[in-house]
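Heads up, the thing below is written out as structure tokens.
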Amino acid sequence: MNANKALWEKGNFSEIAAYMRDSGREVANSLGITPGMKVLELGCGDGTTALPLAELGADVLGVDIASNLVAAGNARATAAGLANARFQEGDARDLRDLEDDSFDLVHSCFGAMFAPDPFDVAKEMVRVTKPGGRIIMGNWIPGDQTSFVSLLLQIGSAYSPPPPEGFVSPMTWGVESHIIDRFEAAGIPAENISTEKGVFTFKSEDKSPADFIEAMRTWYGPTMNAYEAARNQGKEDALHAELIEMANAQNRSPNGSTSIPATYLKVTVRV
């Protein structure tokens, strides 16, 4: 079985996405959507940004490698009455079901960055984007002490076995030089590639940071793997304590609920 597919079907990312809905809508509102725009949401999950894009009038196709999230996205679109949003299973590095020059905007919010073979991912994103269209990615930044997810993955990796030979960290999508290399190899000149930092906030009015970590432990594939590795070493309690301490330190809510801002890199590519 495809290891990346197994990772993202292992838990239930919808449980994590519940903390991402407000910021997902903010991201969608920032993308300059006009009615009828053709949008591909790549690594879409269950539609945290795809559904708000459809609400803005875009014709949205969400593609994700996890079949459970595709099913959840279609169910959410149906429940919301959004006939202009549909979801299908697919691999960001091989979008063989999608024709060249199909989309005005290809967008990925912390999704495509986790696919293997990043040069293939960049090539496919460029291929399916119309000339004059845009590719926009939101990517976590490696080693960023102001990014909750970067810290989460960094802490988890300290308890995990070394990655297999040839593994390319998804966090390299948060490094501008790597981004330029990948899109230049796909035929995009460097002057058509720009980056800026943004902030994405994980929020819950009725869940604490400790609850959020417990959700990560139970439902988020990479963190589930880290807990399993730590358990095998007799270090699960140490990992849990470290993650809760980190989440509490990052939390900005004054009343014990969750409001954790996370810095990310916004990448814009003009095709």
Test: residue in region 7-30 that is of a type in the set (Ser, Thr, Tyr), over 16 Å from the mean Cα position of the chain (by Cα) and modelled with pLDDT of 95 or more: yes
Pair list, Cβ under 8 Å, 6 or more apart: region 217-231 residue more than 10 Å from Gly11 (Cβ to Cβ) and at pLDDT below 95, other residue surrounded by 20 or more Cβ atoms within 10 Å (Cβ to Cβ) and among the aromatic types (Phe, Trp, Tyr): none
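Which of the strands (runs of 3 or more DSSP E) found entirely inside region 75-192 contain at least 3 residues meeting this: small (Gly, Ala, Ser), in contact (Cβ under 8 Å) with a residue 60 or more places away in the chain and under 26 Å from Leu53 (Cβ atoms)?
Answer list for region 75-192: 129-140.
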Some residue of region 92-110 being hydroxyl-bearing (Ser, Thr, Tyr) and either surrounded by fewer than 22 Cβ atoms within 10 Å (Cβ to Cβ) or closer than 22 Å to Ile16 by Cα (or both): yes
Pair list, Cβ < 7 Å and 6+ apart or interchain, from region 47-74 residues that are free of Cβ contacts under 8 Å to residues at least 60 places away in the same chain to residues that are in a loop (DSSP other than H, G, I, E, B) and among the acidic types (Asp, Glu): Ala72/Asp46; Gly73/Asp46
Residue check for Leu239: under 21 Å from Ser23 (Cβ atoms) and either of a type outside the set (Lys, Arg) or at pLDDT below 95 (or both): no
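Residues are listed down the side, and each one gets a yes or a no for (1) farther than 26 Å from Asn29 by Cβ; (2) touching a strand residue (DSSP E or B) at 6+ places or on another chain (Cβ under 9 Å); (3) modelled with pLDDT under 95; (4) of a type in the set (Ser, Thr, Tyr):
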{"residue": "Leu56", "(1), (2), (3), (4)": "no, no, no, no"}
{"residue": "Asp64", "(1), (2), (3), (4)": "no, yes, no, no"}
{"residue": "Ala83", "(1), (2), (3), (4)": "no, no, no, no"}
{"residue": "Gly90", "(1), (2), (3), (4)": "no, yes, no, no"}
{"residue": "Asp94", "(1), (2), (3), (4)": "yes, no, no, no"}
{"residue": "Ser108", "(1), (2), (3), (4)": "no, yes, no, yes"}
{"residue": "Asp120", "(1), (2), (3), (4)": "yes, yes, no, no"}
Residue match in region 180-195 (condition: under 30 Å from Arg217 (Cβ atoms) and either among the hydrophobic types (A, V, I, L, M, F, W, C) or surrounded by fewer than 16 Cβ atoms within 10 Å (Cβ to Cβ) (or both)): no
Among the candidates Thr268, Thr258, Thr218, residue that is hydroxyl-bearing (Ser, Thr, Tyr), under 22 Å from the mean Cα position of the chain (by Cα), over 20 Å from Ala112 (Cα atoms) and surrounded by fewer than 17 Cβ atoms within 10 Å (Cβ to Cβ): Thr218
The listed residue being within 28 Å of Lys10 (Cβ to Cβ), modelled with pLDDT of 95 or more and not hydrophobic (A, V, I, L, M, F, W, C), out of Pro35, Pro52: Pro52
Of the criteria (1) in a loop (DSSP other than H, G, I, E, B); (2) surrounded by fewer than 20 Cβ atoms within 10 Å (Cβ to Cβ), which one Asp22 fails: (1)
Residue match in region 80-89 (condition: hydrophobic (A, V, I, L, M, F, W, C) and surrounded by fewer than 16 Cβ atoms within 10 Å (Cβ to Cβ)): yes
Residues of region 221-255 satisfying the condition of being touching a strand residue (DSSP E or B) at 6+ places or on another chain (Cβ under 6 Å), crowded, with 17+ Cβ neighbours inside 10 Å and more than 29 Å from His178 (Cβ to Cβ): Asn251
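The values are calculated or read from the model by the stated rules, or taken from the named source; none is laboratory data. Quick caveat, the model's predicted, so the values are computed rather than measured. Cβ atoms come from the backbone with ideal geometry, glycine included; neighbour counts cover every protein chain shown.
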